[in-house]
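The values are calculated or read from the model by the stated rules, or taken from the named source; none is laboratory data. Since the structure is predicted, the reported quantities are computational estimates derived from the model, not experimental observations. Using ideal geometry, Cβ is built from the backbone for each residue, glycine included, and neighbour counts are taken over all protein chains shown.
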């Protein structure tokens, strides 16, 4: 458009200012000095977006800066070199030669304005633009322009040219709440600025001149015209060919903003909330693995139906580094509970604790993988477990009982080793067992009657993979290395356990590199689990409904196991060293006490020739009163039926069983007596405390 005389005179201000400074006579130098002295230095440390990055530095998730701006930090080596070259050619050709202001550019802009009646090119250097971006002062007044020049000179004195260029790339406006070339590159092209093509580079060079009126998501035609102008200037300068300029000018303009990366969103949110002082938060996450698993789990969750969620955790058990963490199907999946991190949710672990139960039995010398054990109806005091399929399998080896995940053999072993020991070993593994109504550990915990998280189960199985040594999880590479010597299980016991677990048919079919795993399904089909490991990684998968509603059709084997095997298929296989040792000793070669498990508790198999002995409570023991007020009773030896007396009064019990319970009137001393069918007795005295 043609400008009026007044407008031309106003636009001549920068040119006249430059001439005045050069000639030293049109304005008072004293006034300029006064403005310079009263102008405070610009603040270089502007609020920037916090970014959470993967182990290779790739972006997982950025967050808006203070004020709601996307201002993602970027360094020169993170930008395509062509963008730097084209930016300088278009904006400030003598950037590396001047000291903040370019007198030649000022003279050129002034003569072009007089000759053409309109602005042909600007006179602001990149240093002056950076000064304007970092300052709240306007540059539309004489004083503002002087301040901009002063600040530019100060920047040149304080910083190197690459530093000033980096500031520009981090603060240049690109429309809306986008500031900086990296934020613009992700918002308009969905990629890092190091991977841009010619058309994309030209658009990013053009936008900062008029970021709001050239926004491609609102004014695509204006953006396209501005890009063409940049391409023509680059062609005229001999930086690109005519063919490349025409091809880039014809490329489509992005007409909407793309979402910013949001990988590992739950992890990123927790880290950002915990340490919002760091601009770049490094993690141990494997970017490619995380991306692949999130897509896979989102698809799997959708296939299960509305309300379902899946969580997965992948850990390098040699270092403790978390390589992938999927807390759900994604914050943008539309799932109502997508914001919940289900790797931290307390759920019933189903049968996933059975390996530790048998491992403790191996450690205590009670059983061996080839020890025979009976799977038949049994009661343990007032607890009567049943198998998942309600059937019974008779006599089999401990390994077979573990592989079939039978309940009664596992509870028989747990009864021998004591649920408190199981809870203690879980604590050593870094888990916090939660019991209903704050009750004490009981036999039911062996079948899922305890609350644990996926993260805690992965720690437990990671310890098994590490020959029993506790595993600390790390999500940031600078996390302190634990010097804890906690041992969850002895090395010899874990080796026996791994050999027992590895003998499933699926493992035999898949070969030596296949993971060692255990499935689990909680009561009411609310939780489906599979936790497994090989020589390098431990993986945990949970499937269920975050609202804890019964799923009705999912089990660990059908819902979680396929996902776990898919995860290991994405990892480089590492056979576990324990599988390369000697073969297990056959039952016939075992010591006599290990040939067959002595289920004298709850099975009626104890010798009837021996006199009865009260096995629990122990004589002269101090016991804490349970939340339900009951005290368990156990007897060994003797002949059924049994009669129990508490402080001389009969206790209602199942006379044919070796377990019973009674409810004392309160804390204090009690005396228990048991009488068998032959009139033989035993008596103990103990004290109950609150």
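Values for this structure:
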read-out	value
Number of positions in the range 577-598 that are closer than 30 Å to residue 293 by Cα and either surrounded by fewer than 16 Cβ atoms within 10 Å (Cβ to Cβ) or in contact with a strand residue (DSSP E or B) (Cβ under 6 Å, 6 or more places away or on another chain) (or both)	1
Matching option when the condition is crowded, with 23+ Cβ neighbours inside 10 Å, at pLDDT 95 or above and assigned to a helix (DSSP H, G or I), among 519, 494	494
Residue count for the range 207-232, restricted to those that are touching a helix residue (DSSP H, G or I) at 6+ places or on another chain (Cβ under 6 Å), crowded, with 24+ Cβ neighbours inside 10 Å and part of a helix (DSSP H, G or I)	3
Helices (runs of 4 or more DSSP H) within the range 369-483 that include 1 or more residues in the same structural domain as residue 636 (by TED's automatic domain parsing)	none
Matching entry among 54, 15 (being within 39 Å of the chain's Cα centre (by Cα) and either assigned by TED's automatic domain parsing to the domain that holds residue 230 or modelled with pLDDT of 55 or more (or both))	54
Count of the range 535-559 residues which are more than 16 Å from residue 305 (Cβ to Cβ) and in contact with a strand residue (DSSP E or B) (Cβ under 7 Å, 6 or more places away or on another chain)	9
Sole residue being within 30 Å of residue 177 (Cα to Cα) and either assigned by TED's automatic domain parsing to the domain that holds residue 182 or at pLDDT 90 or above (or both), chosen from 334, 320, 327	327
Filtered residues of the range 43-80 (kept if closer than 21 Å to residue 155 by Cα and in contact with a strand residue (DSSP E or B) (Cβ under 7 Å, 6 or more places away or on another chain))	71, 73
Residue list for the range 239-254, filter: exposed (fewer than 12 other Cβ atoms within 10 Å of the Cβ) and either in contact with a helix residue (DSSP H, G or I) (Cβ under 8 Å, 6 or more places away or on another chain) or modelled with pLDDT under 95 (or both)	241, 242
Odd one out for residue 302, checked against (1) buried (at least 22 other Cβ atoms within 10 Å of the Cβ); (2) more than 20 Å from the chain's Cα centre (by Cα)	(1)
Meets criteria (surrounded by fewer than 22 Cβ atoms within 10 Å (Cβ to Cβ) and free of Cβ contacts under 8 Å to residues at least 60 places away in the same chain) for residue 410	no
Failed condition for residue 184, given (1) out of contact with any strand residue (DSSP E or B) (no Cβ under 8 Å at 6 or more places or on another chain); (2) closer than 16 Å to residue 59 by Cβ; (3) without any contact (Cβ under 8 Å) to a residue 24 or more places away in the chain	(1)
